[in-house]
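Readers should treat all values here as calculations from the given coordinates under stated rules, not as data from a laboratory. In this text, all values refer to a predicted model and were calculated from it rather than measured experimentally.
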């Protein structure tokens, strides 16, 4: 499933997005992406890909829902509120909220991403 707007398309995260995620926070991207996260910056896209595949392999269940989206096209900004409920194979259960804030450039690509997470980050 994806959501498409005039300037932005939101899709579920996939390990194949690793190169784009790496570029967003490295290689001239905004290093503030990693400021409040317990992981990163990464040495390359493969390390990001491995983080997502390890997380999916360690999960018994994953439920991720976008609760709200606010788009301000004239300012090039998008904000999302999301929930994640999941259980890991070690029995750890997570129920958390996060908000993501995106700046969008003239080409419709993320130029800055800020992630706020409530609770312990399941991506270790």
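See the values below:
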{"quantity": "Ratio Rg/Rh, restricted to segment 43-102 and using Cα atoms, in which Rh is the Kirkwood radius", "calculated": "1.10"}
{"quantity": "Computed Rg/Rh of segment 3-117, alpha carbon atoms with Kirkwood Rh", "calculated": "0.96"}
